[in-house]
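Following: one structure in structure tokens, then a few remarks.
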There are 2 protein chains.
Amino acid sequence: MKLVGKELSPGQQVALEWNEPSRCCLVVEGLLRRYSNLSNGTVQTLSIHVPGDIPDLQGLHLRTMDHTLASIGGSKVALLAHREILDVLRKSPRLVALFWRESLVDAAVARAWVKVLGGHDALGRFAHLACELYVRMRVMGLVSDNSYPLPITQVHLGETIGASVVHVNRILKKLRDDRLLVHKRGRLVILNWDRLSEVADFDPAYLNLREPLYLDLTPAGG
Amino acid sequence: MKLVGKELSPGQQVALEWNEPSRCCLVVEGLLRRYSNLSNGTVQTLSIHVPGDIPDLQGLHLRTMDHTLASIGGSKVALLAHREILDVLRKSPRLVALFWRESLVDAAVARAWVKVLGGHDALGRFAHLACELYVRMRVMGLVSDNSYPLPITQVHLGETIGASVVHVNRILKKLRDDRLLVHKRGRLVILNWDRLSEVADFDPAYLNLREPLYLDLTPAGG
DNA sequence: CGAAAAGTTGACGACTTTCAAGTCAGGTGG
DNA sequence: CCACCTGACTTGAAAGTCGTCAACTTTTCG
């Protein structure tokens, strides 16, 4: 299959809401996010994607994008034409099942966010985000010293957990003061995983990581 | 394929969080909901399902349930063994694509809820729920006189939009006073669709209803 | 009819937003 | 090297949304 590599600058958009994409985007390096604009002028992040994800896989079967896909810091992606993916899938039912499963995990993550946004206050929301990203980054071997790269502004964090910048700032301060985590210089450091995951009511089961890839693929685990 | 029909009483559970289901559930009549329990003792509804939905389709590829599936009022469902579904799917790539697409629409609906819960206040959340269910029920020919059956308590509504019962009650009162909608005797009546969908910032695009089934299947449209 | 469930309302306090006024860090030009 | 500038981060105060507690009314159903 032909791969088109591409480097993305911070904020650069890969696919636009309302558009009809003709290719998928595999995250190779960095972070991407899905977001959508509300009528009141604000932005809501729908999900954050780590290397290994294919955030616009749904484009294979759904014509129009219901959100925009864009890079958070700088990132690298690989673009795959729908046509070529479909050619491969026609020949491999096994791969279809694998991709379908990826869609299902993506949906499970979205459901987890519905649960978090509906059931937790802003502190719990942020804690959950930190926990989820920690686990997902760790699977990809991107965690070191209990920390992982998270080059995102407080404005974007607010758009993700549904809180104002001011409130995000206060939450970060509280988590810092309580020695649960620190977000500094584009990196998130977990200081106390047990208490953090307790505050977040976090259970990684929904990520469906029964087969820990990182054990096979990465030289050094989390 | 062998179908097992089943009648469900209000609140009856079809599949439990943490369980490993061996069959799927097709909604035939009534409403079902997915929900999950939070550590603080509260419940969060993840989605509401109308006739035609297969809320636990993900069980085909994900081993453990990340939520409970249960009936809202009384309902009828058809149970399909995974094994039999998979047998059929092996013979029909077309059906695989169709089911996969259903999963993707399910994910799109979940994303829409992330957007709503993250970006709107309780009033907008409820308005959005009312709009979404209106459209989905209409597609199935279940809307008449701008109203549809919604036999759900205010407690459950609160668990759905992430608000307390008291606040749900006040929102309903406001929507009633403003003549946007009325919820009474297990039925939701839309009084002013234009203003309601405006309050809800509702756009049905994410439901991916490009081919309006109801035109072909139902004797009388909405 | 009577009990239980569901709905309704007021008062008070907690969580969160908005507005405003800063501080801090990194990058540019003198 | 330092003044300056800009975007990001911080913080206080006032106001709005929402949750909790408690009491009460209405509806449902045996």
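Every read-out reported here was derived from the displayed coordinates using simple, explicitly stated rules and does not represent laboratory data. Keep in mind it's a predicted model, so treat the numbers as computed, not measured. We place every Cβ from the backbone using ideal geometry, glycine too, and count neighbours over all the protein chains shown.
Cα atoms only: what Rg and Dmax, in Å, come out for chain A?
In Å, with Rg to one decimal and Dmax whole: 17.5, 55.
Taking the label point as lying 7 angstrom from Cα along the Cα-to-Cβ axis, what are the distances from residue A:166 to the corresponding position in the remaining copies, in ascending order and in nanometres?
Those label-point separations list as 2.5 nm.
Would you mind pulling out the separation of the Cα centroids of the range B:1-16 and the range A:167-206, in Å?
A separation of 41 Å, based on Cα centres.
Would you mind checking which residues have amide H under 5 Å from residue A:12's amide H? H placed 1.01 Å from N; only 5 or more apart, or other chain.
The list, which skips near neighbours in sequence, is A:71.
Return a whole-number percent for the relative contact order of the range A:45-186, with Cα pairs under 8 Å and 6 or more residues apart as the contact set.
For the range A:45-186, the relative contact order is 26 percent.
With the alpha-carbon atoms as the only input, what is the per residue convex hull volume for the range B:1-67 in Å³?
Taking only Cα atoms, the range B:1-67 has a hull volume of 95 Å³ per residue.
Give the distance, in whole Å, between the Cα centre of the range B:73-103 and the Cα centre of the range A:27-59.
For the range B:73-103 versus the range A:27-59, the Cα centre distance is 29 Å.
Would you mind listing the distances between the residue A:63 label point and the same position in each other copy? Use 7 Å along Cα-to-C-beta, nm, one decimal, shortest first.
Copy-to-copy label distances for residue A:63: 4.0 nm.
Can you pull out the trypsin sites (Lys or Arg not before Pro) in the range B:133-185 that DSSP calls coil and that have at most 14 other Cβ atoms within 10 Å?
B:179, B:185
When the helices in chain A are scored as -39500 (n - 2.57) per DSSP H run of 4 or longer and the sum is shared across all residues, what 222 nm value do you end up with, to the nearest 500 deg cm²/dmol?
-12500 deg cm²/dmol
May I ask you to sort B:161, B:54 by Cβ crowding, counting other Cβ atoms within 10 Å and putting the fewest first?
B:54, B:161
Would you list A:128, A:82, B:183 from fewest to most Cβ contacts within 10 Å?
Ordered by Cβ neighbours within 10 Å, fewest first: A:82, B:183, A:128.
Between the DSSP loop rule and a limit of at most 16 other Cβ atoms within 10 Å, which trypsin sites (Lys or Arg not before Pro) in the range B:60-101 are left?
B:63
Working from Cα positions, state the angle (0 to 90°, nearest 10) between the long axis of helix B:165-177 and the longest principal axis of chain B.
Roughly 60 degrees between the two axes.
Is there a simple number for the mean count of other chain Cβ atoms within 10 Å of the Cβ of residues in A:98-105, and what is it?
Whole-number average of other-chain Cβ neighbours for A:98-105 is 5.
In debye to the nearest 20, how big a dipole does the range B:121-217 give about its Cα centre with +1 on each Lys and Arg Cβ and -1 on each Asp and Glu Cβ?
For the range B:121-217, the charge dipole is close to 460 debye.
What is the average number of partner chain Cβ atoms found within 10 Å of a Cβ in B:64-74?
Shielding by partners across B:64-74 averages 2.
In nm to one decimal, list the spacings between the residue A:195 label point and its equivalents in the other copies, with label points set 7 Å along Cα to Cβ, shortest first.
5.0
So how much slack lies between residue A:7 and residue A:39, counting 0.36 nm per residue of separation and subtracting their Cα-Cα distance, in nm?
Answer, rounded to one decimal: 8.4 nm.
Using only the alpha-carbon atoms, how far is helix B:122-139 inclined from the longest principal axis of chain B? Give it as 0 to 90 degrees, nearest 10.
50
For the range A:116-217, what is the relative contact order in percent, using Cα pairs closer than 8 Å and at least 6 residues apart in sequence?
Relative contact order for the range A:116-217 comes out at 35 percent.
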